[in-house]
Amino acid sequence: MCFVRFEDFYGVWSRTVTEICLPRLSSAVPADELSGNIEIVLACLEWYYKSLNHYANNDSKTILYFLFPPHRNTLEMPLLFLGDIHPYLLTRLLKSLITRANQDSGGVDTSVSQDPHAQLLKRIVDIEGDILHTFSDLQERMGKEQISFSSRFLDKWVNNSQEETQRKTVVNTAASVAKEEMCDLVKILVDANHLREQVITDIVKATMIDHQNLTAQFLDGVCRIFAAFKDQGREFRNSLSASPLMDHRRAFQPAQQPYQAFPVMNQLPTRGVYNRVPNAEYVIYVGNLGTEVTPQVLGETFRERYGSVKVAEVAFSRDTGLSNGYGFVSFSDEIEQIRALTEMDGQLCSNAPMRVRRAHANRMPGSIERFNTFK
């Protein structure tokens, strides 16, 4: 699985939610595309939680940023459990959607028909029972680890009490404790993330067959919660740059601007749920091209990564014979078009970073006499 730089993670995730996930869950999405889009959003959420676990497992010093995120607003904290969305928030979200659906349909007349969501509500009770068991275990383990952390903190605090060479603060002492191995805290975070993933998966399985629109509304609600958190990318980087824990890390490089969305689109599901149209054409617009860029250069730039590239066209001025600074690339595979939209935005073509967007009407422009074509 592909991972981004630690300091860029939340910025990348924010853009993934807003540019990849939410548009695919819109009510305007055709019904025959919805199941495939749901799979894509689930893949994005899987990448998110696996990334959190990856960073924690590879450097346990990052664990406190995830368990006690300093970049979160104080009013966001009650919605969190061990640094991320509370598992009960997920089941309660589904219950709220069911309540709204019943209200929109004028309520359920139990004398005439059974509540269409009765079995689903029973399943939610089962899921919440599973949550309670794991939730209680995690709380107990976390309490023990906090006691252990406090003990180590006090040992250092007392042992260093005679030192006068450096002003002693709670933050400095706690940071020195945090730099020690904290494998148990990492295991707690990983298990908490597994619980969140499992709850999301269980809800999708429970709703997908008979209530697919409810599945989409549920995932849309989850993504909107992520999107509505305070500016995660900037706040996260600011909290890292000001932290005494970061003196063990390399100097910060500039943030990737604009953040590339979901960097592992090549890991999207291929189980047949994503409807592909044979011989279809999927087109992207490519801007900010240098005057020296030819269709051959543009086409090869994309074909190096995507085997389904069909045509590359660059707009040229009839007067000067030079590029007008934009062009189009078409693909025969929609998944590769989606990957290119995220992976190639900001990448260099010749000496300039490309600006990649979905082409209007998803087709090549009609007035192709102004374009030179590479096939």
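FYI, it's all coordinate maths here, none of it is from the lab. Predicted model, so just to flag it, every value in this text is computed and none were measured. Here the Cβ positions follow ideal geometry from the backbone for every residue, glycine too, while neighbour counts run over all protein chains shown.
At a glance:
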| read-out | value |
| --- | --- |
| Where labels lie 7 Å past Cα in the beta-carbon direction, separation of SER317 and SER27 in nm | 4.8 |
| FRET E, pair ASP59, GLN198, Förster distance 25 Å, beta-carbon r, rounded to 0.05 | 0.50 |
| Net charge of neighbours whose Cβ lies under 12 Å from the Cβ of HIS211, counting Lys and Arg as +1 and Asp and Glu as -1 | +1 |
| ARG224 paired with LYS187, simple spin-label distance in nm, labels 7 Å along Cα-to-beta-carbon | 4.0 |
| Charge dipole (debye, nearest 20) of segment 34-89; +1 at Cβ of Lys and Arg, -1 at Cβ of Asp and Glu | 140 |
| Linear extension gain, LYS144 paired with LEU79, 0.36 nm per residue minus alpha-carbon span | 21.1 nm |
| Table column - 3J(HN,Hα) (Hz), segment 135-140, Karplus curve with 6.51, -1.76, 1.60, x for Gly and Pro | 4, 5, 5, 5, 4, 5 |
| Ordering of 187-193, 72-78 by packing [mean C-beta count within 10 Å, highest first] | 187-193, 72-78 |
| About the Cα centre, charge dipole magnitude for segment 1-100 (Lys/Arg +1, Asp/Glu -1 at Cβ), debye | 320 |
| Order by protection proxy (mean Cβ within 10 Å, highest first), peptides 16-27, 146-157 | 16-27, 146-157 |
| FRET efficiency, 1/(1 + (r/R0)^6) with R0 22 Å, evaluated for LYS122 and ARG92 via beta carbons | 0.85 |
